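The values are calculated or read from the model by the stated rules, or taken from the named source; none is laboratory data. All of these numbers come straight from a predicted model, not from anything done at the bench. For neighbour counting, all protein chains shown are included, and Cβ atoms are generated from backbone atoms with ideal geometry for every residue, glycine included.
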């Protein structure tokens with residue numbers, strides 16, 4: 001990899017670190033603390049949040065009919081997501097052990113905590129669980145796929161791809177045959 005690319009990647013990682021610090025500073029402004037895996041709001045904040053909750057009946061009355069009619073189709077995606085989640089577990093347990101690839105910690109990717117927010121009603125909580133679970137399982141899947149690709153075929157594509165995973169930058173250039181098999185053995 002060229003020194004210019006390495007320099008740009010280092011700058012990008014430094015910016016990601018700065019962004020993470022800014023997110024944590026914002027958390028302090030919002031008056032909540034993370035203890036272990038639980039999020040804790042101060043009592044007066046939680047009380048204020050509870051007062052902002054929209055009653056579930058009012059929420060349903062305000063929901064556009066197209067949302068209600070499409071809900072069964074949207075929620076039907078839960079089954080393939082759960083099947084993917086279970087399949088990823090089995091795949092990692094069998095294949096990652098066989099290939100000696102470090103396993104991905106599911107808990108680092110699949111985080112479900114939005115339903116604990118006091119300003120959400122029952123339907124909003126369910127929607128947050130559903131969307132959060134779906135997106136986090138897909139993120140978990142992406143990391144497992146990235147590690148698999150890194151193990152079996154760490155070669156960049158011939159043309160630019162949208163939103164490559166974090167490991168992609170370290171892949172060999174397309175057509176860089178020299179040293180490919182040696183690198184696979186590493």
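Within the stretch 53-69, identify whether any single residue is within 24 Å of the chain's Cα centre (by Cα) and either more than 20 Å from residue 121 (Cα to Cα) or modelled with pLDDT of 85 or more (or both), and answer yes or no.
Of all residues in the stretch 53-69, those within 24 Å of the chain's Cα centre (by Cα) come to none.
No, the conditions are met nowhere in the stretch 53-69.
Looking only at the stretch 115-133, how many residues end up being surrounded by 14 or more Cβ atoms within 10 Å (Cβ to Cβ) and within 18 Å of the chain's Cα centre (by Cα)?
7
Return the residues of the stretch 16-41 that are farther than 25 Å from residue 127 by Cα and either at pLDDT 85 or above or surrounded by 12 or more Cβ atoms within 10 Å (Cβ to Cβ) (or both); say none if nothing qualifies.
Once the filter is applied, which keeps residues that are farther than 25 Å from residue 127 by Cα and either at pLDDT 85 or above or surrounded by 12 or more Cβ atoms within 10 Å (Cβ to Cβ) (or both), the stretch 16-41 yields only 17.
Is at least one residue of the stretch 66-75 touching a residue at least 60 places away in the same chain (Cβ under 8 Å), surrounded by 10 or more Cβ atoms within 10 Å (Cβ to Cβ) and farther than 30 Å from residue 106 by Cβ? Break it down into steps so the answer makes sense when it comes.
Of the stretch 66-75, the ones touching a residue at least 60 places away in the same chain (Cβ under 8 Å) are none.
The answer is no, given that none of the residues of the stretch 66-75 is touching a residue at least 60 places away in the same chain (Cβ under 8 Å), surrounded by 10 or more Cβ atoms within 10 Å (Cβ to Cβ) and farther than 30 Å from residue 106 by Cβ.
How do the helices (runs of 4 or more DSSP H) wholly within the stretch 1-81 filter down when requiring 1 or more residues that are in contact with a helix residue (DSSP H, G or I) (Cβ under 8 Å, 6 or more places away or on another chain): which remain?
On the way: elements: 3-29, 43-51, 56-62, 65-75.
Answer list for the stretch 1-81: 3-29, 56-62, 65-75.
Step by step: first the residues of the stretch 97-114, then only those that are in a helix (DSSP H, G or I) and surrounded by 15 or more Cβ atoms within 10 Å (Cβ to Cβ), then the one that is modelled with the lowest pLDDT. Which residue is that? Can you show your working first?
Filtering the stretch 97-114 for residues in a helix (DSSP H, G or I) gives 97-99, 106-109, 114.
From what's left, surrounded by 15 or more Cβ atoms within 10 Å (Cβ to Cβ): 106, 109, 114.
Details: 106: 97, 109: 96, 114: 88.
Here the residue is 114.
Which ones in the stretch 87-96 are surrounded by 13 or more Cβ atoms within 10 Å (Cβ to Cβ) and closer than 19 Å to residue 150 by Cβ?
88, 91, 92, 95, 96
From the list 109, 157, pick out the single residue that is more than 30 Å from residue 75 (Cβ to Cβ) and without any contact (Cβ under 8 Å) to a residue 60 or more places away in the chain. Give the steps one after another, and end with the answer.
On the way: 109 fails: more than 30 Å from residue 75 (Cβ to Cβ).
When all the criteria are applied, what remains is 157.
Kindly provide the set of residues from the stretch 1-55 that are free of Cβ contacts under 8 Å to residues at least 60 places away in the same chain and in contact with a strand residue (DSSP E or B) (Cβ under 6 Å, 6 or more places away or on another chain), ordered by number.
Across the stretch 1-55, the qualifying residues are 32, 33, 40.
Answer yes if at least one residue in the stretch 79-86 is over 17 Å from the mean Cα position of the chain (by Cα), closer than 30 Å to residue 55 by Cα and exposed (fewer than 15 other Cβ atoms within 10 Å of the Cβ), and no otherwise.
yes
Residues of the stretch 134-164 being exposed (fewer than 15 other Cβ atoms within 10 Å of the Cβ) and not in a helix (DSSP H, G or I), which ones?
Within the stretch 134-164, 153, 157, 158, 159, 160, 161, 162, 163, 164 qualify.
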